[in-house]
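Worksheet: the structure to be examined is printed underneath.
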Amino acid sequence: MSASPAIEASKLSPPPKSRVLAVTAAVFALALLLFMAALGSSAMNSSEPGTTPRTIGWLLSTAGVLVSAVVLWIAVRALRGSLRASREAGLGKVLDARTTAAASIQDALFTLGLGLTVLLILLGALMLTVDDGIIQKTFLRWDLMAESAKDVVAAFGLNVWIAVMAEVLVLVLGLLLAVARLVPGRAGRPVRALAIAYIDGMRAVPAIIIIYLIGFGLPLLNLPLLSGLSPEWFAIIALTLTYSAYTAEIYRAGIEVIHPSQWSASRSLGFSYAKTLRFVILPQAVRGVIPPLLSAFIALQKDTSLVNIIGTMDAFNQAKFYSSASFNLSSVTVVAVLFIIITIPQTRFVDWMLARGMSRRGRAGGK
């Protein structure tokens, strides 16, 4: 015979009052200090409103004051919740006390996370105003950024073109390498050894060295077709050779995760090894490796900035011309912003695909 809910509740231990109260009190003290620091930063930056760094710093500090006020309010709510949990525990309301204590701890943890955001805002304001805004003048000169933006954006199109062409070639060569590494039997042993040697070698050498060797080495060989290529195509070849090795391992992981019964069932129906791989295994494997492939292509896009060492007029090279003429790095900041604009949406898309895949596997496992 089961005990009544009241008896079961009485067996529960009350929440650790001293620990909950200590945590919330410490978070409240930190939130109060953060709010005072935000007020001080805002007051300091408003003392010289005429300069651009001071104005930007004042705007950031004011935003920090507003957010820190919210942080302080949540910290007060967490502290009040911990005090109420202590009173409820003293009155024997164990379940209510545990619920209230858990809510106050959650408020305290949220306060810490939001407080860290405010701290970063304040540090940004400090960096922009320190030494009369030297950081802002070095990296964020709006006039120099506007002056170089048109040419840098136009040159950035070359980065995008190199990335797209390399990605297409990488998909093909990487798949061929993965298949070569998985060729079965004794007859396939030399092919597997060659594929493994290529993959291991290319993954061991930095991409910038491959780009340098291809960009300056191929023209010296005087080979037909290859020696007369432009630096852009040398960059595409180098990135293809490098990233095909990483892509091959992604493909291989997707192929090996397919259950062996898929191979057995297909072969029992009379399919050859090649047809089994083409019609049964690869369609399933490719769907599973799309997110990691996209992650590899994001890295490839960023590595297109390395091709400037062989003379390609990409965005980074264009920005360096402006920075050397003005003795300022604001034009290079434009390049960084462009990479952020095209990379972050792709990163969020990869996260969305991974979350959707996990959700589908969860629903399939629950059936």
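The values are calculated or read from the model by the stated rules, or taken from the named source; none is laboratory data. This structure is a prediction, so every number in the text was calculated from the model and none was measured. Please note: Cβ atoms are built from the backbone with ideal geometry, for glycine as well, and neighbour counts cover all protein chains shown. Heavy atoms of the whole protein, side chains included, go into the accessibility calculation; ligands, DNA and RNA do not. Shrake-Rupley method; radii C 1.70, N 1.55, O 1.52, S 1.80 Å.
Beyond 21 Å, how much of the Cα-Cα pair distribution for region 146-217 remains, as a whole percent?
49 percent
Pop a pseudo-label 7 angstrom from the Cα along the beta-carbon direction at both D96 and M313 and give the gap in nm to one decimal.
For D96 paired with M313, the spin-label model returns 7.7 nm.
Taking the Cα centre of each part, how many Å lie between region 181-211 and region 297-350?
Each part's Cα centre sits 31 Å from the other's.
Measuring from label point to label point, each 7 Å out along Cα→Cβ, what is the K150 to V70 span in nm?
The answer from the label model is 4.0 nm.
What is the ratio of the Cα radius of gyration of region 149-307 to 2.2 N^0.38 Å, with N the residue count, to two decimals?
That ratio works out to 1.20.
Can you tell me the alpha carbon radius of gyration of region 237-367 divided by the globular rule-of-thumb value 2.2 N^0.38 Å?
Ratio of Cα Rg to 2.2 N^0.38 Å: 1.50.
Would you compute, from DSSP H runs of 4+ residues alone, the mean residue ellipticity of the chain at 222 nm, taking -39500 (n - 2.57) per run and dividing by the full residue count, rounded to the nearest 500?
-28000 deg cm²/dmol
How high is the FRET efficiency between F216 and A25 when r is their beta carbon distance and R₀ equals 56 Å, given to the nearest 0.05?
The calculated FRET efficiency here is 0.30.
Contour minus end-to-end for V168 and T347, with contour as 0.36 nm per residue of separation and end-to-end as the Cα-Cα distance?
Between V168 and T347, full extension yields 62.5 nm more.
With every protein chain kept in place and ligands, DNA and RNA left out, what is the accessible area per residue of the chain? Probe 1.4 Å, answer in Å².
56 Å²
Can you tell me, using C-alpha contacts under 8 Å and at least 6 residues apart, the relative contact order of the chain as a whole percent?
Computed value for the chain: 17 percent relative contact order.
So how much accessible area does M165 have, in Å² to the nearest 10, using a 1.4 Å probe?
60 Å²
If you roll a 1.4 Å probe over region 194-257 with all protein chains in place, what percent of the accessible area is carbon or sulfur?
For region 194-257, the apolar C and S fraction of the accessible surface comes to 73 percent.
Considering only the other residues whose Cβ falls under 12 Å of the Cβ of L194, what net charge follows from Lys and Arg at +1 and Asp and Glu at -1?
+2
Is the chain best put as rounded, prolate or oblate by its Cα gyration tensor, with a ≥ b ≥ c the root eigenvalues, rounded for a/c under 1.5, and otherwise prolate when a/b is larger than b/c, oblate when not?
Cα axes put the chain in the oblate bin.
Report the FRET efficiency, 1/(1 + (r/R0)^6), for M44 and T117, where r is their Cβ-Cβ distance and R0 is 22 Å, rounded to 0.05. Let's see the in-between values first.
Numbers: r = 20 Å, r/R0 = 0.92.
My answer for the efficiency is 0.60.
Mind grabbing the accessible area of V160 for me, 1.4 Å probe, Å², rounded to tens?
Rounded to the nearest 10, the figure is 60 Å².
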